1. Which numbered condition trips up B:Tyr128, out of (1) touching a His at 6+ places or on another chain (Cβ under 8 Å); (2) open to solvent by less than 30 Å² (accessible area, probe 1.4 Å)?
2. Condition (residue is in a helix (DSSP H, G or I), within 16 Å of DNA strand D (Cβ to nearest atom) and on the phi < 0 side of the Ramachandran plot) applied to region A:135-148: is it met by at least one residue?
3. Please enumerate the residues belonging to region B:61-73 that are touching a strand residue (DSSP E or B) at 6+ places or on another chain (Cβ under 7 Å) and either under 16 Å from A:Arg150 (Cβ atoms) or open to solvent by less than 20 Å² (accessible area, probe 1.4 Å) (or both).
4. Which one of the conditions (1) modelled with pLDDT of 95 or more; (2) outside any helix (DSSP H, G or I) does B:Glu172 fail to meet, given that it meets all the rest?
5. So if I check each of B:Val61, B:Val43, which one is in contact with a helix residue (DSSP H, G or I) (Cβ under 8 Å, 6 or more places away or on another chain), more than 10 Å from every other protein chain (Cβ to nearest Cβ) and near DNA strand C (Cβ under 9 Å from one of its atoms)?
6. Which one of these is within 20 Å of B:Tyr129 (Cα to Cα) and either within 14 Å of another protein chain (Cβ to nearest Cβ) or acidic (Asp, Glu) (or both): B:Leu147, B:Leu151, B:Leu212, B:Leu167?
7. Within region A:23-60, how many residues are open to solvent by 60 Å² or more (accessible area, probe 1.4 Å), of a type in the set (D, E, K, R) and more than 12 Å from DNA strand D (Cβ to nearest atom)?
8. Looking only at region B:185-199, filter to residues that are among the aliphatic types (A, V, I, L, M) and open to solvent by 60 Å² or more (accessible area, probe 1.4 Å); which one of those is farthest from B:Lys115 (Cα to Cα)?
2 protein chains.
Amino acid sequence: MKFKPLENLDEQVAEYLSNRIIRGQLSPGERILETKLARELGVSRGPIRGALRILENKRLVKLVPRRGAQVSELSVSFIDRLYDILIELLALATRKAAQNRTRKDLTQIRRSLSKIEACALKGDTYDYYNAIFEFFVVKIEAARDPLLARLLRDLEPSARRIQFASLARRKEDLKRNVVYFEDAVKYIEEGNAALASKVIREYSQNEKEFALNNTRTHIKK
Amino acid sequence: MKFKPLENLDEQVAEYLSNRIIRGQLSPGERILETKLARELGVSRGPIRGALRILENKRLVKLVPRRGAQVSELSVSFIDRLYDILIELLALATRKAAQNRTRKDLTQIRRSLSKIEACALKGDTYDYYNAIFEFFVVKIEAARDPLLARLLRDLEPSARRIQFASLARRKEDLKRNVVYFEDAVKYIEEGNAALASKVIREYSQNEKEFALNNTRTHIKK
DNA sequence: ATTTTGTAAATTGTCAACAGTTGACAGTCA
DNA sequence: TGACTGTCAACTGTTGACAATTTACAAAAT
């Protein structure tokens, strides 16, 4: 058993803020005041500053020297660009997963695929996305590439934020999407890196278009 | 004229440390002690901690809670993985640059190409790499994608570190490499995104192999 | 009206002190 | 020997105070 190093306050505060931003409880552009937040959470400003630096890496806040922190914007162009990058990196991760997966990875991937299928059937959009993220986490683990894993983990909160914002309108087409995952798993099992990454690329491209359409009509810019 | 926000001590310290790590004055695995560094630089530990968080994002240091910071390792597998990612992201940036470049971008790209050619002729390896990085910076600027730009800027120090470590053995084949850049510029001018990104992909793949060969024979692991 | 300037309040930057953890090492016990 | 355990010094974690900067706003000048 491998133990994760204990978190310090920096990371706990980061986790707290991250959740609030993803769920939209803190709106884009809103200022985050160190003093106020420190008072609210009952800690000093040191950990708050550490947390803000962590969130800066995850693109959840924007830090300007001497001017403080604000929740980063979620514009159409940002979504556009984020997905462009995710498409490439997820395709790369899928390729590597197809090449490096062990038998143990495959059972885990199968298991998380079942979870996606179950959520799609139930039409539970929130859990569906959780299952999807879990699927990607397992797959990235199988890719055996810690650098890529970290890059994707840093981008994940932004993706979650976008998807959280469009949850309400995502009821119908879940089952249609599941096919992508079923295909991807099939190709990963076969070790067919080219086809596996192609399928994920198509899936991500679709997600991008959904997110863009949804955002253009419901959110600003 | 757009003014860059004034740096605070966090960023100045990060800059200082970044240079020392890239130049190998701090060796991989070496611990960085907050107290000691603070004394050396004549600042308190606050800014040091800020700087360490910044360098963590750039993968130059590894931070473990309650155990402090150390200069991150530069193993063969890290180099391998870093280039895999750079290949994809630089190709993406090139594609976008070919699509979005303005006339003004083109003159800048031409100018930085000349610099590369001059350095290659003189055989000045150090300046050659600087010119290459400048070339990419200009190109990334032309891609009009701030998120991608930031991702690449965060990975740049690691690339510089690798290249700095192999500078001494990089004398002969500069001229051979210049052809890639000349081709890439040609395609970017023509707006041929597919070919431009293909050329850069090949170049990056070559660089990866050079770095790997060099590292395997001269550095540990 | 519009811009400029002056001032006070709010906010971030930096520091130094203290609290809590970790790692190394010597001493103890089988 | 070799595995535990207590102790201590060296760090990191966290805090609260003070300094420097920015912002908001009102008064003065154009």
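1. (1)
2. Of all residues in region A:135-148, those in a helix (DSSP H, G or I) come to A:135-143, A:146-148.
Those still in the list that are within 16 Å of DNA strand D (Cβ to nearest atom) too: none.
No; the residues of region A:135-148 include none that is in a helix (DSSP H, G or I), within 16 Å of DNA strand D (Cβ to nearest atom) and on the phi < 0 side of the Ramachandran plot.
3. Here is the first cut: in region B:61-73, the ones touching a strand residue (DSSP E or B) at 6+ places or on another chain (Cβ under 7 Å) are B:61-63, B:68-72.
Scanning region B:61-73 gives B:Val61, B:Lys62, B:Leu63, B:Ala69, B:Val71, B:Ser72.
4. (1)
5. Numbers: B:Val61 fails: near DNA strand C (Cβ under 9 Å from one of its atoms).
None of the other options fit; the residue is B:Val43.
6. Working: B:Leu147 fails: within 20 Å of B:Tyr129 (Cα to Cα); B:Leu212 fails: either within 14 Å of another protein chain (Cβ to nearest Cβ) or acidic (Asp, Glu) (or both); B:Leu167 fails: either within 14 Å of another protein chain (Cβ to nearest Cβ) or acidic (Asp, Glu) (or both).
Within the list B:Leu147, B:Leu151, B:Leu212, B:Leu167, the selection yields B:Leu151.
7. 4
8. Initial filter on region B:185-199 (among the aliphatic types (A, V, I, L, M)): B:185, B:188, B:193-196, B:199.
Adding the requirement that they be open to solvent by 60 Å² or more (accessible area, probe 1.4 Å) leaves B:194-195.
Working: B:Ala194: 25, B:Leu195: 23 Å.
Applying the filter and picking the extreme gives B:Ala194.
The values are calculated or read from the model by the stated rules, or taken from the named source; none is laboratory data. Since the structure is predicted, the reported quantities are computational estimates derived from the model, not experimental observations. When we count neighbours, we look across all protein chains shown, and the Cβ atoms used for this are built from the backbone with ideal geometry, even at glycine. The area values use the complete protein model at the heavy-atom level, side chains included, leaving out ligands, DNA and RNA. Shrake-Rupley method; radii C 1.70, N 1.55, O 1.52, S 1.80 Å.
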